[in-house]
Structures are given as C-alpha cells and as structure tokens.
Amino acid sequence: MKIAVYPGSFDPITWGHVDIIRRIAPHVEKLVVLVANSLNKKYLFTPEERKRLVGEALAEVNGQPISQIEVEIFSGLTVDYLRQRNAQLIVRGLRTVSDFDSEMAMAQINRKLYPGVETVLVYASPEYQAISSHLVKEAALLGAELQGLIPAPVERALQDKFHLNSSLPSPPKGK
Ligand code: ADP
C-alpha cells in the first residue's frame, strides 16, 4: 500500500493543514497525519489533545472519519516512523520562501537518513497561506475572532486553554 506521511506539530491544526490533507488524500492509498512529540519543543497542547483536534477538525469537514486518513503520535525521527510503516513519501506544506529554505534542508537530511524517501511540498492555497499555528495562538490569547482560520473544535479548545469565554455553541452530545 502506498502510504504518505504528513508530519508536523499541529499545535493546533488550522484550516491550512486541513486543506493540505484534503488535497493530498485523494492521491494516495493512505495518509498518516503524524503528530510530532519532540522532546526539545514546547507545545501548547499535549500530543493527545493535538491528535484529538486533528480528528475533530477532519470530522468537521467531512461529517465522519475518513478511513483512508490515520492520525498518529510519534516521538522519534520522521524517517524512523516511515521505515516502520514501509512508507517513502513525506508531505509538507509550503507557504512562503522562508518555509522553502527549511523544508529543503529537512528534505535533504531525510533523504540522507533514509535513502529513497521523497518529500512532496504542497503549495498553500492563497486563502490559507497566511495562517500558522503560531499566529493563531497569539491571536487567540488576545481574544481575536478566529473564524476562517481554524475549525470550531480548535477554537473551543483554545478558548478552554486560555480560559476565555466561549461564544461558540457546544457541539451536539456524542460528538
Ligand atoms: P512544524 O512544526 O513541523 O512545521 P506545523 O504544524 O507548523 O509543524 O506545520 C506542519 C506542516 O504544515 C509544515 O510543512 C507547514 O509548512 C505546513 N503548514 C502549516 N500551515 C500551513 C498553511 N496555512 N498552509 C499550508 N501548509 C501549512
């Protein structure tokens, strides 16, 4: 089976990430969204929270889980995960020229660590290009309106984290 892996912090997932996932999924047999748990990075959300929010964000778009998409937490090197899954394709999103520099370096290192692995860079859609998890967190902390940047479950999770008053309706029971 041709498995592609989309690794990232997803701290938290934004519409930009969701867009990449939705655009790539039809081109592969399985897409693993790999939630990184790096020991030397500080995250706002725990790995389990980030994983749950990826699932909820995708369900928000699709109405039900997409069987072809898996969400996993991984603490090691991305290439080690790929080896375990016998996968050879990494998907990353590209927003800006500065993304390009770091993505190219990462792709080259990954190929050295795991010859045969390929990285596919997917251009951000113009409407999501300016969105980053970092900016979303800053804006949420200042109480900004985040509609259009992040799915509703993520907005609620940010409001909970920052103890802000939610104007969003709670999801129906069972969701
Ligand atoms: P990381 O810390 O590994 O960069 P991120 O969660 O910030 O993790 O991003 C994961 C991937 O998604 C990266 O390749 C990043 O460039 C891409 N990405 C982030 N935001 C967007 C966006 N708005 N549109 C397209 N790609 C994006």
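Yes or no, residue by residue, for (1) open to solvent by 20 Å² or more (accessible area, probe 1.4 Å); (2) under 18 Å from the mean Cα position of the chain (by Cα); (3) among the acidic types (Asp, Glu):
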position: Arg92; (1), (2), (3): yes, yes, no
position: Thr96; (1), (2), (3): yes, yes, no
position: Ala107; (1), (2), (3): yes, yes, no
position: Asn110; (1), (2), (3): no, no, no
position: Pro115; (1), (2), (3): yes, no, no
position: Pro126; (1), (2), (3): yes, yes, no
position: Leu141; (1), (2), (3): yes, no, no
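Of the numbered criteria (1) in contact (Cβ under 8 Å) with a residue 60 or more places away in the chain; (2) in contact with a helix residue (DSSP H, G or I) (Cβ under 8 Å, 6 or more places away or on another chain), the one Leu58 fails is (1).
Only a single criterion out of (1) open to solvent by 50 Å² or more (accessible area, probe 1.4 Å); (2) assigned to a strand (DSSP E or B) is not satisfied by Asp80, namely (2). Yes or no: the range 6-14 includes at least one residue that is over 9 Å from the mean Cα position of the chain (by Cα) and in contact (Cβ under 8 Å) with a residue 24 or more places away in the chain. Within the range 6-14 (the criterion being over 9 Å from the mean Cα position of the chain (by Cα) and in contact (Cβ under 8 Å) with a residue 24 or more places away in the chain), the answer is no, since none of the residues qualifies. Restricting attention to the range 23-42 and to residues that are in contact (Cβ under 8 Å) with a residue 24 or more places away in the chain and open to solvent by 50 Å² or more (accessible area, probe 1.4 Å), the residue that is farthest from the ligand (Cβ to nearest atom) turns out to be Glu29. May I ask you to verify whether Glu49 is at negative phi, more than 13 Å from the ligand (Cβ to nearest atom) and in contact with a Pro (Cβ under 6 Å, 6 or more places away or on another chain)? Against the criterion (at negative phi, more than 13 Å from the ligand (Cβ to nearest atom) and in contact with a Pro (Cβ under 6 Å, 6 or more places away or on another chain)), Glu49 does not qualify. Is it the case that Ala59 is surrounded by 13 or more Cβ atoms within 10 Å (Cβ to Cβ), modelled with pLDDT under 95 and away from the ligand (no atom under 16 Å from the Cβ)? It is true that Ala59 is surrounded by 13 or more Cβ atoms within 10 Å (Cβ to Cβ), modelled with pLDDT under 95 and away from the ligand (no atom under 16 Å from the Cβ).
Here Ala87 does not qualify as open to solvent by less than 50 Å² (accessible area, probe 1.4 Å) and in a helix (DSSP H, G or I). Please verify whether the range 4-22 includes one or more residues that are more than 8 Å from the ligand (Cβ to nearest atom) and under 11 Å from Glu72 (Cβ atoms). Among the residues of the range 4-22, at least one is more than 8 Å from the ligand (Cβ to nearest atom) and under 11 Å from Glu72 (Cβ atoms), which makes the answer yes.
The values are calculated or read from the model by the stated rules, or taken from the named source; none is laboratory data. For clarity, every value in this text was computed on a predicted model and none was experimentally measured. Note: ideal-geometry Cβ built from the backbone for every residue, glycine included; neighbour counts use all protein chains shown. Keep in mind that these areas ignore ligands, DNA and RNA; they rest on the heavy atoms of the full protein, side chains included. Shrake-Rupley method; radii C 1.70, N 1.55, O 1.52, S 1.80 Å.
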